[in-house]
Amino acid sequence: MGKPRDLEEVSLHRTLQRQLRKFGIDPETGPPDAETWARFLARVDATYRSTDEERYTAQRALEISSREMEALSRQIAADRERLAQMIESLPQAVVYTDAELLVQFCNAQASDLLGEVSAGAHLDSLVDLLDAHGHAIEVAGIVGRGLGETSGAVEGGFGRIEAAWQLVPIVVDQRLDGVLLVVHDLREVRAAELALHEARMDAHVSRETEVARGRFLANVSHELRTPLNAILGYTEMLQEEAANGEAEDLSRILHAGRHLLALINDLLDLSKIDAGKMELVLEPVHLDEVLSEVAATAGPLVARHGNVLVVEDAVCTPVAADAMRLRQCLLNLVGNAAKFTHEGTIRIATRERDGAVWIDVIDTGRGIPAHRLAGIFDAFEQVKPEEHQGTGLGLALTRAFVQLMGGHIQVTSAVDVGSTFSLVLPRSTGGS
Amino acid sequence: MQVELRHWKGSWSQPLPDGAASVVLVFGDPALADDPAPLHELREAYPDAVHAGCSSSGEILGTEIHEGTLVAAIVTFAHVEARAVTREIADPAQSREIGAALAADLSATPGLRHVFLLSDGLGVNGSALAAGVQHALPEGVVVTGGLAGDGARFQRTWVFDGEAARSGVVRAIGLYGSALRVGHGSEGGWIPFGVGRVVTRSVGNVLYELDGKPALALYKEYLGERASGLPATGLLFPLSLRDGTRHDIVRTILAVDERDQSLTFAGDIPQGSRVQLMRADSEALVEAAGSAASAASDDAGPVLGLAVSCVGRRLVLGERTEEEVEETLDQLPPGSWLTGFYSYGELSPGKEGGCDLHNQTMTLTTWREVGA
């Protein structure tokens, strides 16, 4: 071949071709002189050296980058697992699609609610399920708008399940990455709403019943009291004029009538308390006065069964109380003690404890069995009603009055040893 | 269009050609600011020409690269008109406004086809300058150019406006007339690799943290035993930046600060943007230079190629730098001329069309004049 070969045809490395051309070297015939050869070699050597350098850089970059990628990959896997668990734990059905609206994943609730949702299914097929009223839901339109959320509610979709749904476009780097479909099963919400509604209705009915009962009691008591007072008045008149034989019978009528009146008065009080209409006048009350009055009034009753009443010196601290109602409470307690104690002692003692004043009515009577103690303050509750007279309302009223005065009542008792009823009342802060 | 290239190394290697010239472009030693004798010679030789030039990080003349010299392209157009305007820029924050003012001056004369910008390389925000110029120009006017260099020193650059070579100046040449054909191409050859990272702390062009970790530490890890050569070796790993509003752009390291573990780049690194390390090998860079030249040329006849290549490429290519210039000239039509400079930033239309600041690229502008 007479002419130099075209360098392109020789298929030498592109860099080498360039270097040969630069130094005017024909690959067939070699360099024209030693100096050109030396300069050419220096250039080729520099190329090899720079390639070494570049290899070091490339290998190091690859090594570190691989390490970073691996760490990142682990982190992504952990993040994905966390996210999956969070999504599984949600009460809503969640379906996520890619930008082409093909399902990527869904949680168990989605399968429960929407039926089998297969990966790769088109969102349109799920949205059809949501469309209970035959209105086309324009998924493309929703997604096209980009950033907005779309939501709605369906009655009777999903095999007659009431549900609310949201379509949320997920945007990453200003591009649609996918769409999140969230479906809220409204069955439990509706059930809870229904239960709440029913509970409210029940409460309404119950309150109305209470009010009606209170009104009835008040009316009946009033209607009973008027004729009863007439009966008692005429009986007392007849008793004054009666002969010996008749006086005893009239006395029985009078006794029964008074008992009935007391019962009616107690019932009236109770119904007032239930209706929230019992008004007490709270004022500083000195116990020594109240206790002497109680002792004077209850004296005959206590003496009837051979009992002794002991009233200890009262504490000086006044209590905040309605004096009349407090007297009524103490008479109830002392009366009860007198009924269930024979040849014993009934003692009234006072003390201060925990910032309150305690008034104890202590008897040495037969005591109350433990199983009866719990209900003893309920209305019409008596230990042995067949044996004893009384309205059965005394302790219920006593408790109600004490509570209205800001205090409470408690009882301790031992069978055949005796009982102690304690009224605990707040100290008066009003002075005097 | 007639083109004569001349080289000054203490004296002119060939006599300056006689006759009038339209445009005289010069690229040269940063030290010429202190002794601009050859610049004045050119001005006296071609008093009616439009003069423009800047300091370089390496002068390109044909397939050779020089330092400490001056290269000159003396261009005579038959039909194309040339004008030039200069603005001083005291504060980088004025860059956009200055760009707009330059563009307004040039477009006041009808028939503007092309603007070639040469800017101070240190005291200017190149991105803002490019945006300002492009914004104020009529559609279709191609803007290219570059930011002056100062070797690998980053201390002082100059721009020549026909009177003086000084810092803090932007010079814009406007070429007018339908006889002008302008081509442009800009390629890097860098490829992003590895994990994407989020800029978690930065101020302007100073980067402190990527993904909450010191950015300098990351670079040191990647550089290994080359870390001692920072900041120059940082050029091995430029950053590909995506700030959500534009195409990916390349950012080059200019400086490092050990005290606060920061890196200073040749352009803004907005907080919150996503970045990725990039790498390249010599072959990729050389091939990219060829691609830029191909893109800038239409093979319809010889052109004047004005090469603006990033100083970072020179640092990576080392002794093989001339290969990219050779490859560039190889891809231009036969009989073409090539001159230019290694720069601190390249200006040319980006992927979206408007002029943008590039880093780590070979950016080529070609001029050709056709019959009127």
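The values are calculated or read from the model by the stated rules, or taken from the named source; none is laboratory data. Note that the structure is predicted; figures quoted are calculated from it, not measured. Don't worry about glycine lacking a Cβ; one is built from the backbone with ideal geometry, like all the others, and counts go over all protein chains shown. Side chains are part of the model used for accessible areas, which takes the heavy atoms of the whole protein and leaves out ligands, DNA and RNA. Shrake-Rupley method; radii C 1.70, N 1.55, O 1.52, S 1.80 Å.
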ask   = Restricting to region A:43-101, what's the tally of residues that are within 14 Å of another protein chain (Cβ to nearest Cβ), among the polar types (S, T, N, Q) and loosely packed, with under 11 Cβ neighbours inside 10 Å?
value = 1
Of residues in region A:163-200 being surrounded by fewer than 17 Cβ atoms within 10 Å (Cβ to Cβ) and of a type in the set (Asp, Glu), the one modelled with the lowest pLDDT = A:173
Looking only at region A:278-319, and only at residues there that are of a type in the set (Ser, Thr, Tyr) and part of a helix (DSSP H, G or I), the one that is least open to solvent (accessible area, probe 1.4 Å) = A:292
query = Which of (1) surrounded by fewer than 14 Cβ atoms within 10 Å (Cβ to Cβ); (2) under 39 Å from the mean Cα position of the chain (by Cα) does residue A:11 not meet, given it meets every other one?
reply = (2)
task = Output the number of residues of region B:82-100 satisfying the condition of being touching a residue at least 12 places away in the same chain (Cβ under 8 Å), more than 13 Å from residue B:118 (Cβ to Cβ) and of a type in the set (S, T, N, Q).
result = 1
ask   = For the subset of region B:93-134 comprising residues that are within 15 Å of residue B:83 (Cβ to Cβ) and among the polar types (S, T, N, Q), which member is surrounded by the fewest Cβ atoms within 10 Å (Cβ to Cβ)?
value = B:109
key: Identity of the residue in region A:201-227, within 21 Å of residue A:260 (Cβ to Cβ) and among the β-branched types (Val, Ile, Thr), that ends up surrounded by the fewest Cβ atoms within 10 Å (Cβ to Cβ)   = A:226
remark   = Scanning region A:340-363 residue by residue, the ones that are surrounded by fewer than 20 Cβ atoms within 10 Å (Cβ to Cβ), without any contact (Cβ under 8 Å) to a residue 60 or more places away in the chain and over 45 Å from the mean Cα position of the chain (by Cα) total 4
request  = Test residue B:206 against the stated conditions and say whether it is more than 12 Å from chain A (Cβ to nearest Cβ) and either open to solvent by 10 Å² or more (accessible area, probe 1.4 Å) or modelled with pLDDT of 95 or more (or both).
outcome  = yes
request  = Could you run through region B:328-357 and say how many residues are under 18 Å from residue B:59 (Cβ atoms) and out of contact with any Pro (no Cβ under 9 Å at 6 or more places or on another chain)?
outcome  = 11
remark   = Counting only residues in region B:71-122 that are among the acidic types (Asp, Glu) and in a helix (DSSP H, G or I), the one nearest to the chain's Cα centre (by Cα) is identified as B:97
key: Breaking point among (1) surrounded by 17 or more Cβ atoms within 10 Å (Cβ to Cβ); (2) within 14 Å of chain A (Cβ to nearest Cβ), for residue B:191   = (1)
note = Within region B:154-186, the count of residues that are of a type in the set (Lys, Arg) and either part of a loop (DSSP other than H, G, I, E, B) or under 16 Å from the mean Cα position of the chain (by Cα) (or both) comes to 2
query = Do you know which residues across region B:288-307 are surrounded by 18 or more Cβ atoms within 10 Å (Cβ to Cβ) and not polar (S, T, N, Q)?
reply = B:288, B:289, B:290, B:292, B:293, B:296, B:303, B:304, B:305, B:306, B:307
request  = Please indicate, with yes or no, whether at least one residue in region B:232-244 is hydroxyl-bearing (Ser, Thr, Tyr), closer than 24 Å to residue B:127 by Cβ and open to solvent by less than 60 Å² (accessible area, probe 1.4 Å).
outcome  = yes
request  = Scan region A:15-33 and give yes if some residue there is in contact with a Leu (Cβ under 6 Å, 6 or more places away or on another chain), assigned to a helix (DSSP H, G or I) and either open to solvent by 30 Å² or more (accessible area, probe 1.4 Å) or not aliphatic (A, V, I, L, M) (or both), otherwise no.
outcome  = yes
Sole exception among (1) more than 24 Å from residue B:332 (Cβ to Cβ); (2) in contact with a Lys or Arg (Cβ under 9 Å, 6 or more places away or on another chain) for residue B:90, by number = (2)
ask   = Counting only residues that are open to solvent by 50 Å² or more (accessible area, probe 1.4 Å), touching a Gly at 6+ places or on another chain (Cβ under 6 Å) and within 10 Å of chain A (Cβ to nearest Cβ), how many does region B:265-286 have?
value = 1
